[in-house]
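Before any comments, here is the structure.
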Amino acid sequence: MKNITVIGAGTMGNGIAHVFAMNNYKVSLVDISQASLDKAISTIEKNLDRMIAKEKITEEAKNKTLSNILTFTDMEPGVKSADLVVEAATENVDLKLKIFTQMDKFAPSDAILATNTSSISITKIAAATDRPDKVIGMHFMNPVPIMKLVEVIRGYATSDIVCDTIMKLSSDIGKVPTEVNDYPGFIANRILMPMINEAIYSLYEGVAGVEEIDTVMKLGMAHPMGPLQLADFIGLDVCLSIMNVLYDGFGNPKYAPCPLLVNMVTAGELGRKSGTGFYDYRAGGKEFILSEKFKK
């Protein structure tokens, strides 16, 4: 594999493009918004500058990485030479099905089509194409340049050779691939999201406050950040969406999203991306304090 196309220039898409380009793959980054593409390239450049400051890479490596990325606002020319297309659009099933139909139409017949979905069925996405054996999940973790894990998800029809190819490719770009099967939430979110949801329930039921819940999990369980801070980082709307996938997929009441989570998303308090969630991020940078709503 030499030519990689990434669909979507948001947080995950620009991170995926960054990692492939830094490992000497030719990357086509596709987004319908030129402004999003410009922002993505600026973000990649800033992240590379940060690596130079930490003496992890050279200026030459930065320039080589940036030269490996081309941007497109039209999918057809962006995927026409791809060996692998990685979709990293918003976590919306209808949007992903539409994108995969287009990817299938314009990409070479032997290209592998991957999705970075965190919860949507690979089998369902594959069914929108004429090559379900070549469709697979590549669930990168945020921030992509730093996090080592790639959850590789086999759909019902994914072939062994496609799975083996993606496992090897993930290793080649410095990641640790872990193979799982296609069931709601896969492994990462099937375990993580109920924990986050239970932390929100504990807050909702008055068992403990935000900072107390996060402190217990950080100091008692050696988590790098507490579940409520992590929920803010992921996005409360994303957490709610994944809980709904789990609840709809299994029909088990243990996956029902906490009413507090539902209310916060309805009110537009989505965490870091909106400025407020369980914590308040409006000071900018990495600074955050407890949200006024949850102060005693």
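Just one residue in the set GLY174, GLY235, GLY137, GLY226 is touching a Lys or Arg at 6+ places or on another chain (Cβ under 9 Å), under 30 Å from ASP83 (Cα atoms) and surrounded by 15 or more Cβ atoms within 10 Å (Cβ to Cβ); that residue is GLY137. When we screen LYS254, LYS218 for residues that are surrounded by fewer than 21 Cβ atoms within 10 Å (Cβ to Cβ) and in contact with a Gly (Cβ under 9 Å, 6 or more places away or on another chain), the only hit is LYS218.
Is there a residue being surrounded by fewer than 24 Cβ atoms within 10 Å (Cβ to Cβ), modelled with pLDDT of 95 or more and on the phi > 0 side of the Ramachandran plot anywhere in the stretch 13-34? Yes, some residue in the stretch 13-34 is surrounded by fewer than 24 Cβ atoms within 10 Å (Cβ to Cβ), modelled with pLDDT of 95 or more and on the phi > 0 side of the Ramachandran plot. Filtering the stretch 257-288 to residues that are in contact (Cβ under 8 Å) with a residue 24 or more places away in the chain, in a loop (DSSP other than H, G, I, E, B) and aliphatic (A, V, I, L, M) leaves only LEU270. Please count how many residues of the stretch 113-135 are touching a strand residue (DSSP E or B) at 6+ places or on another chain (Cβ under 8 Å) and under 15 Å from ILE99 (Cβ atoms). Within the stretch 113-135, residues that are touching a strand residue (DSSP E or B) at 6+ places or on another chain (Cβ under 8 Å) and under 15 Å from ILE99 (Cβ atoms) number 11.
The values are calculated or read from the model by the stated rules, or taken from the named source; none is laboratory data. Predicted model only: the values in this text are computed from it and were never measured. Cβ sites come from the backbone with ideal geometry, for glycine too, and all protein chains shown count toward neighbours.
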